[in-house]
Amino acid sequence: MLIDALGIAVFIILFIVFSLLAYYGSRFRKGNLNKLYEWGLAGRRLGPYLAWFLIGADVFTAYTFVAVPSLAFASGSTAFFAVPYVAITFAIALLTMPRLWSIAKKRGYVTASDFVRDRFNSRMLSILVAITGVVAVLPYIALQIAGMQAVLTTMLYGISNASTVSEVALVISFMVLAATTFTSGLRGVTLGSVFKDILIFLTVIVIIVAALVSYGGFGAAFSQISTAKAASAGAYSTLPAASVPAFFSLFLGSALALYLYPHIINGSLSANSKKGLRRSLSLLPIYSIGLAFLALFGILIYAVPNALSIVQSTGNGLLTVPALIVTMLPGWLAGICLLGIFVGGMVPAALMAIAGANLLSRNVVKEFKPKMTATGEARLAKWISVALKFIALGFVFVAPLTYAIQLQLLGGIIILQILPAVFLGLFTNKLDWKPLLLGWAAGLISGVYLVLLTNHFAALSSSSLLTPIGLLYIGVISVTINVIIAVVGSWLAKAFGVFRTGLIKESEFTTE
């Protein structure tokens, strides 16, 4: 194995500390966890810094730590779309999330679907928004497992039964995660996110220091690339002109999609005030600095021969950062850093499951069982959160992980179709539920069809469509179709006198 006994011991001990911390969450700022807003939103009592840790943990997941460097390792400049993407997504968050928090606080909303139901006076639209969120978030949970698997694969590299040990470790980890989430809800996830984020920032810093001290830093890595990729060094280090439309549309579409995901909205609604939420969101660009360095780690590996050989021998680019950790750092420090990435998958997976459970319990099941009590609603959400975790885990075991990754290509396209109802609904009451429903259907159908078309109805490997102006991210195309139908259809509904007025007054958005 590439990590010694001390490193494994440190990993296990810190995992136990993480689990106890997450379990302690049930006693942190105690509330009645038999109520959904207490269990699923921490009672809306997270201050600006706790909310900052929580939302940051949602945005920068284990899959981010392995996927972005992996893309940089394989494709170079293309991977850096993530840097401008996070730079503008926080501006979008500052524009939308405090406004959503304000109305959610006044009316007791737990999810975005609660808002959609009242804003457009439509039960059907609310249910479809909820289902869309759950469908988009499930493969995201599976992808957190990809990051966790990358850590275990690297730790167990070279032993004969690595696959079996890895699967057993994942099952045990998810049993612990399910138990702590069931018991502590969002409070436990929040404490876990503080623990996780400290370890992640430590990991980024120590890798940079080790690279500068022992391997010549990023300059040495870029010089190695000119040799390793001599035939395509220019395209690798510089974005080709033909890729510019795809690059810009991808980071724009991704930025618009991020704060539509249910787990990100869930984290935002847990803040204790609009002012505190604004402060949390304004501090989030700090995370984008770390993300920029993570992308550069995909380049750094070319200066670390031992790490490069691991990735090349396994053919798995997701091992880029774990391989750097085990080859550059002493065993005890490697154990700390690997645990950071590992729980970096567990924390977001827990929040994604909570957010999906909130939607299914409150906005789907309760719509058909309106007499469900508050205790019954919370109990159902707890069990659904457990089920969602193990559905995602089972999917990874049953199907090749590549299918989860391919499904995630559709995730952004799918979640973008609720943009008119959620984001536009925050700023205008001029939209009608029927055109919004038609726009949602048209955007979803066109998005899925264009993805299949661009991949020639075979295995999914691309989410960009060749157009007269170049490759464009399909999510941007499909949501444009959606918005046009919603806006024009609403104008026609008004003109023909069939417009349905929502239940929320504009003055309510100003409530603190």
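Only the coordinates and a few stated rules stand behind these numbers; no lab work does. All figures in this text were calculated on a predicted structure; none of them were measured in a lab. Reconstructed Cβ throughout: ideal geometry from the backbone, glycine too, with neighbour counts over all protein chains shown.
Structure summary
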read-out: Most to least packed among 196-205, 342-351 [average Cβ atoms within 10 Å]; value: 342-351, 196-205
read-out: Cβ crowding within 10 Å averaged over residues, with 322-329, 264-271, 49-56 ranked highest first; value: 264-271, 322-329, 49-56
read-out: Under the span-like rule (Cα at least 27 Å along the axis, Kyte-Doolittle mean at least 0.0), DSSP H helices of the chain; value: 5-24, 82-107, 123-155, 162-214, 331-358, 374-398, 433-454, 474-495
read-out: FRET efficiency for E367 and H456, using Cβ-Cβ distance with R0 set to 41 Å, rounded to 0.05; value: 0.55
read-out: Members of K106/K371; K389/K505; K196/K382; K274/K369 lying beyond 27 Å, as alpha-carbon distances in this model show; value: K389/K505; K274/K369
read-out: Rounded, prolate or oblate (a/c below 1.5 giving rounded, otherwise prolate when a/b exceeds b/c) for segment 283-437 by Cα gyration tensor; value: prolate
read-out: Prolate/oblate/rounded label for segment 181-294 (Cα gyration tensor, a/c 1.5); value: oblate
read-out: Burial order of peptide ranges 491-500, 89-98, 214-223 (average beta-carbon count within 10 Å, highest first); value: 89-98, 214-223, 491-500
read-out: Label-to-label distance, nm, for residues given as F222 and D4 (7 Å Cα→Cβ offset); value: 3.6
read-out: Cα gyration tensor shape of segment 367-504, rounded if a/c is under 1.5, else prolate or oblate by comparing a/b with b/c; value: oblate
read-out: Sequence of R27, R362 once ranked by neighbouring C-beta atoms within 10 Å, starting from the fewest; value: R27, R362
read-out: Distance histogram for segment 466-512 (every C-alpha pair counted, 5 angstrom bins, percent rounded to whole numbers); value: 5, 15, 13, 14, 15, 14, 11, 8, 5, 1
read-out: Principal axes of segment 267-330: Cα extent on each, largest first, Å; value: 50, 22, 18
read-out: Overall Cα dimensions of the chain, principal axis frame, Å, largest first; value: 70, 58, 41
read-out: Cβ-placed point charges (K, R +1; D, E -1), dipole of segment 316-416 about Cα centre in debye, nearest 20; value: 440
read-out: Ellipticity estimate at 222 nm from DSSP helix runs (n ≥ 4, -39,500 (n - 2.57)) divided over the chain, nearest 500; value: -24500 deg cm²/dmol
